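First the structure, in the form of structure tokens, and then the observations on it.
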Amino acid sequence: MLAQIVSLGRKKYTLRRAQKLGVRGWCKNTTENTVKGEIQAHRHAFESMRLWLKHTGSPTSRIDKCIFSDTTEIPEFTYSNFSIVVD
């Protein structure tokens, strides 16, 4: 599964959650004070991560909005792990 995400929150908690679930992809800060990223995972892990991003996030985050683009099933992953991108 593949999705692009936009979410407010703390990236280190996102990294930890992704690693725990075996999710691959990336996240980074945007100029609009949000976090944007892309996730890839098997269906169950993908759904768990999506729900965590949408409803839980880090202990100190305030999730105003979490937008997922259309999800696409892919034949194989293009990322080997989850990382935080620093511009």
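Which of the aspartates and glutamates could a cross-linker bridge to Lys54, judged by Cα under 17 Å and excluding same-chain residues fewer than eight apart? Lys54 reaches Glu38, Asp64, Asp70.
Subtract the Cα-Cα distance of His44 and Asp87 from 0.36 nm times their separation in residues, and report this length gain in nm to one decimal.
Working: separation 43, 0.36 × 43 = 15.48 nm, distance 3.08 nm.
Length gained between His44 and Asp87: 12.4 nm.
Dipole magnitude for the chain: computed about the Cα centre from +1 point charges on Lys and Arg Cβ and -1 point charges on Asp and Glu Cβ, it is near 460 debye.
Diffusion coefficient of the chain by Stokes-Einstein, Kirkwood radius over Cα pairs, 25 °C, 0.890 mPa s: 194 µm²/s. Length gained on full extension, Glu32 to Phe68: 11.3 nm, using 0.36 nm per residue less the C-alpha separation.
Rounded to the nearest Hz, the phi-derived 3J(HN,Hα) couplings of the stretch 23-29 under the Karplus curve 6.51 cos²θ - 1.76 cosθ + 1.60 (θ = phi - 60°) are 7, 10, x, 7, 8, 7, 6, where x marks glycine and proline.
For a paramagnetic label modelled on Ser80 (point 7 Å from Cα along Cα→Cβ), amide N atoms under 20 Å away belong, within the stretch 23-66, to 23-27, 38-42.
Taken together, the values in this text are just the output of simple stated rules run on the coordinates, not laboratory data. Since the model is a prediction, treat every value here as computed from it, not as a measurement. Every residue, glycine among them, receives a Cβ derived from its backbone with ideal geometry; neighbour counts consider all protein chains shown.
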